[in-house]
Amino acid sequence: MTAPWVQAAAADPSWPAAEGPVAAAVDAARSALARLNGPRGVRDRTGRVAAAAAMRAARASAALEGVPLALDPQDVAITDPVLAGAVRVAAGLGGLSGTWRRAPRQVLARLHTLAAADLVAEPELGRPRVDPARPDLVSGRLAALSDLVVRSTWPAPVLVAIVHGELATLAPFGSADAVVARAAARLTMVATGLDPAGLAVPEVAHLRSIARYRTGLRDYAEGGSAGLDAWVVQVCAALTQGAAEAGTLASTAS
C-alpha cells in the first residue's frame, strides 16, 4: 500500500497547490509561528517557555493515548509508562534535530527506544515491525518518508503534517507509534526552522479536539487527495493554535 502523500504527488505533481485551503492554512501557520519566534514574541523567555512547552507537549501526547492526566506543568508525578516514555522523548529531542534532516531512520529508532522503554522488551526497541502479509510495507514506506524528510522542498507545515500522519497511521514499531509520530513532527518543526526553539504546543490543540484528530488520521490513512488535504489543513490549524498556547505559557513564565 502506497503512502497517501506519494499517491497525491504522483497524481498531481504540483501538490501542494500554491492556492486554495492548503496554501491558506500553511500561510496562517507560518505567520503565527513567525510572530511567536520574532522580536515581539517570547525571545526573552525562550528557554523557560521551551521547557514548559516540551513538558506540556509530552503530557498532551500521552493524554491522546488515553492517559488520564491534567496538563498542569506543576504535576510532576509520572507513574504511567506511556507518559514516562513521552517525557523521556521530550527530554531527548534537543540533541536530535540536526540528525533528523540527515538520518531520519536513525532518529526514529532512538525515539522509539525512549518512548517504548517501559512497554516492550529491549530487543524490540527501535526495530521496525515486519508485516508477514506484506514484508516490504513498513520498510518501504519508512524509506520513502526518510527520503522526503531529507530532500523535500515542500513547505515546512506540509512536511510536519506528512511526518505526523504517516508515522501515526503506519505504526512502524507496533508500540508507542503515535508518541513517536508527534515527537517526529516536533522535530520537523524545529529542524526546518518553522519553530526553531520548539515553543509551540500543537499537541494540546489536537487533544482539545481529539475526536476530530482521530478522524483526520483515519481519513489520511484511507488515502485520496481530499483526506490528505484535510489532514494538512487540520495540522496547520493545530500549529496556529499551538503558537497561541505558547503565548499563554510565556505569560506564566514572565
_Just checking, does segment 84-97 include any residue being of a type outside the set (Phe, Trp, Tyr), touching a Cys at 6+ places or on another chain (Cβ under 7 Å) and closer than 21 Å to residue 195 by Cβ?_
no
_Every residue from segment 144-167 that is small (Gly, Ala, Ser) and farther than 24 Å from residue 24 by Cβ_ = 144, 146
*Name the helices (runs of 4 or more DSSP H) wholly inside segment 135-207 in which the number of residues that are in contact with a His (Cβ under 6 Å, 6 or more places away or on another chain) and at positive phi is 2 or more.*
none
*In this structure, is residue 18 at pLDDT 95 or above and surrounded by fewer than 19 Cβ atoms within 10 Å (Cβ to Cβ)?*
no
*Determine the pairs where a residue that is closer than 21 Å to residue 196 by Cβ, located within segment 14-30, has a partner that is outside any loop (DSSP other than H, G, I, E, B) and hydroxyl-bearing (Ser, Thr, Tyr) with Cβ atoms under 6 Å apart, the partner being 6 or more residues away or on another chain.*
28/240; 29/240
*Could you grab me the full set of residues in segment 218-254 that are farther than 13 Å from residue 33 by Cβ, buried (at least 20 other Cβ atoms within 10 Å of the Cβ) and either hydrophobic (A, V, I, L, M, F, W, C) or under 14 Å from the mean Cα position of the chain (by Cα) (or both)?*
228, 231, 232, 233, 234, 249, 250
*Candidates 185, 90, 84, 117 - the one that is under 14 Å from the mean Cα position of the chain (by Cα) and farther than 30 Å from residue 23 by Cβ*: 90
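The values are calculated or read from the model by the stated rules, or taken from the named source; none is laboratory data. Fair warning: this is a prediction, and the values are worked out from it, not measured in the lab. Neighbour counts run over all protein chains shown; Cβ positions are idealised from the backbone, glycine included.
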